[in-house]
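The values are calculated or read from the model by the stated rules, or taken from the named source; none is laboratory data. Everything numeric in this text was worked out from a predicted model, so none of it was measured. Positions of Cβ are backbone-derived with ideal geometry, glycine not excepted, and every protein chain shown enters the neighbour counts.
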Amino acid sequence: DAGVTQSPTHLIKTRGQQVTLRCSPKSGHDTVSWYQQALGQGPQFIFQYYEEEERQRGNFPDRFSGHQFPNYSSELNVNALLLGDSALYLCASSFRKDGSYEQYFGPGTRLTVT
Amino acid sequence: GNSVTQMEGPVTLSEEAFLTINCTYTATGYPSLFWYVQYPGEGLQLLLKATKADDKGSNKGFEATYRKETTSFHLEKGSVQVSDSAVYFCALSDGGYSTLTFGKGTMLLVSP
């Protein structure tokens, strides 16, 4: 059973550009969450998608947007990139079991903005 | 809002030493508590969890007890191995859709 997969592994972009990151959830999972992990910090919640809708959002600007497809895979888009957007972007998938969720993380996409 | 505070690292130990990594939290309501581990170049793996007060989570020799009175969830292991070297994150989820709030992480370095 494949776990959560993310692509690409690494990415280098220039300030002002736009980037799209992709995530395929673990089989059977219908919910996808995105987190940003700056160097030396813990992950911070960006947003969560369920049934192709953004269900919850953290404290991130509108430059960060996303999408979920009918097969539950998801994309994270960041517009007008800033140097401070350089980070590891983690995708986590989950499903509701026994009234709670357990999140499984992918290996992440390392974004460098120059 | 919710927050998690962990002891700063790195924590440097010799193999077979006893490990404690402190974690305290602030949350409204009754959160679930987690420890995640991140090996170099990898994503996060769930190590253990506890969903209510006095619960003890355990896995691979690691354990942590949910202490509501002290708002703490300290990670312990009786005898660490070199392979335990990683970054450990304490996290909470306050229900709803289980989005996670993480601490800053504690790096553990175990030498032979």
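Return a yes/no flag: does the stretch A:74-94 have any residue that is modelled with pLDDT under 95 and not in a strand (DSSP E or B).
No - not one qualifying residue is present in the stretch A:74-94.
Which members of the stretch A:20-72 meet the condition of being in contact with a helix residue (DSSP H, G or I) (Cβ under 9 Å, 6 or more places away or on another chain) and under 21 Å from B:Leu92 (Cβ atoms)?
A:Gln36, A:Ala38
Could you please find all residues in the stretch B:68-103 being basic (Lys, Arg) and surrounded by fewer than 17 Cβ atoms within 10 Å (Cβ to Cβ)? Lay out the reasoning, then the answer.
Keep residues of the stretch B:68-103 that are basic (Lys, Arg), which gives B:68, B:77.
Once the filter is applied, which keeps residues that are basic (Lys, Arg) and surrounded by fewer than 17 Cβ atoms within 10 Å (Cβ to Cβ), the stretch B:68-103 yields only B:Lys68.
Looking only at the stretch B:58-69, filter to residues that are farther than 30 Å from A:Tyr49 by Cα and in a loop (DSSP other than H, G, I, E, B); which one of those is farthest from the other protein chains (Cβ to nearest Cβ)?
Per the stated criteria, the residue is B:Glu69.
Which of the strands (runs of 3 or more DSSP E) found entirely inside the stretch B:7-57 contain at least 3 residues meeting this: buried (at least 17 other Cβ atoms within 10 Å of the Cβ) and among the hydrophobic types (A, V, I, L, M, F, W, C)? If you could, list the steps in order and put the result at the bottom.
Numbers: elements: B:11-14, B:19-21, B:23-26, B:32-38, B:44-50.
Counting at least 3 such residues, we get B:32-38, B:44-50.
Look through A:Ala80, A:Ala92 and report the one residue that is out of contact with any helix residue (DSSP H, G or I) (no Cβ under 9 Å at 6 or more places or on another chain) and crowded, with 17+ Cβ neighbours inside 10 Å. Steps first, please.
On the way: A:Ala80 fails: crowded, with 17+ Cβ neighbours inside 10 Å.
On inspection, the qualifying residue turns out to be A:Ala92.
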